[in-house]
Amino acid sequence: MRTHEPPKDCLTCGAELKGRMDKKFCDDYCRSAYNNKMGPRSSLYVRNVNSVLRRNRRILQNFLMQEEESVRVAKSHLQERGFNFNHFTGAYIHKKGVMYYFCYEFGYLLVENEWYYISRRKDISIKNPG
């Protein structure tokens, strides 16, 4: 024998739900809105870091013209454009013992007080494993 359960409400808009007993949302719009609201909390840090990395890459790319191998740039010019030195995608110690920091395919190296060399990595190749 089935007992009568009180009606449930949509988790997004509060409208009374009709239909299946396990239904949580009145329509796709409310389901999507709920998931969009709940999801970003867990990935906010990742989104923010990815945003910084994309901005850093764009800044480095803008300093380095297509045909140039490297360019010397003052730290203040990088900072004026919003470059964040705390986030990078990788680091590489050159055979001369100097540390290159990379933001995807663009690297930067402190060469003197407040001056950096920016370069494009040439050995980028994506290989399909297997």
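Residues of segment 69-81 being touching a residue at least 24 places away in the same chain (Cβ under 8 Å), over 11 Å from Arg120 (Cα atoms) and of a type outside the set (Ser, Thr, Tyr), which ones? Selection gives Arg72, Val73, Ala74, Lys75, Leu78.
Restricting to segment 5-16, give me the number of residues that are in a loop (DSSP other than H, G, I, E, B), within 20 Å of Lys37 (Cα to Cα) and touching a strand residue (DSSP E or B) at 6+ places or on another chain (Cβ under 9 Å).
As a first pass, look at segment 5-16 and keep what is in a loop (DSSP other than H, G, I, E, B): 5-8, 10-15.
Keeping just the survivors that are within 20 Å of Lys37 (Cα to Cα) gives 10-15.
Now restrict to residues that are touching a strand residue (DSSP E or B) at 6+ places or on another chain (Cβ under 9 Å): 10, 15.
Residues in segment 5-16 being in a loop (DSSP other than H, G, I, E, B), within 20 Å of Lys37 (Cα to Cα) and touching a strand residue (DSSP E or B) at 6+ places or on another chain (Cβ under 9 Å): 2 in total.
Kindly check whether there is at least one residue in segment 33-52 that is aromatic (Phe, Trp, Tyr) and at pLDDT below 85. Among the residues of segment 33-52, at least one is aromatic (Phe, Trp, Tyr) and at pLDDT below 85, which makes the answer yes.
Evaluate segment 90-100: report whether one residue or more is within 14 Å of Arg57 (Cα to Cα) and charged (D, E, K, R).
So in segment 90-100, the residues within 14 Å of Arg57 (Cα to Cα) come out as 90.
Then drop every residue that is not charged (D, E, K, R), which leaves none.
Among the residues of segment 90-100, not one is within 14 Å of Arg57 (Cα to Cα) and charged (D, E, K, R), which makes the answer no.
Is it the case that segment 51-68 has a residue that's without any contact (Cβ under 8 Å) to a residue 24 or more places away in the chain and in contact with a Phe, Trp or Tyr (Cβ under 6 Å, 6 or more places away or on another chain)? Checked segment 51-68: no residue is without any contact (Cβ under 8 Å) to a residue 24 or more places away in the chain and in contact with a Phe, Trp or Tyr (Cβ under 6 Å, 6 or more places away or on another chain).
Looking at (1) touching a residue at least 24 places away in the same chain (Cβ under 8 Å); (2) at positive phi, find the lone condition where Asn84 falls short. Condition (2) is where Asn84 drops out. Those residues that are basic (Lys, Arg), in contact with a strand residue (DSSP E or B) (Cβ under 7 Å, 6 or more places away or on another chain) and surrounded by fewer than 16 Cβ atoms within 10 Å (Cβ to Cβ), I need them from segment 46-74; list them, please. The one that is basic (Lys, Arg), in contact with a strand residue (DSSP E or B) (Cβ under 7 Å, 6 or more places away or on another chain) and surrounded by fewer than 16 Cβ atoms within 10 Å (Cβ to Cβ): Arg72.
Scoring Lys122 on the criteria (1) in contact with a helix residue (DSSP H, G or I) (Cβ under 6 Å, 6 or more places away or on another chain); (2) at pLDDT below 90 leaves a single failure, condition (1).
The values are calculated or read from the model by the stated rules, or taken from the named source; none is laboratory data. Remember, it's a predicted structure, so these values are computed and weren't measured experimentally. A quick note on method: Cβ atoms are made from the backbone with ideal geometry, for glycine too, and the neighbour counts reach across all protein chains shown.
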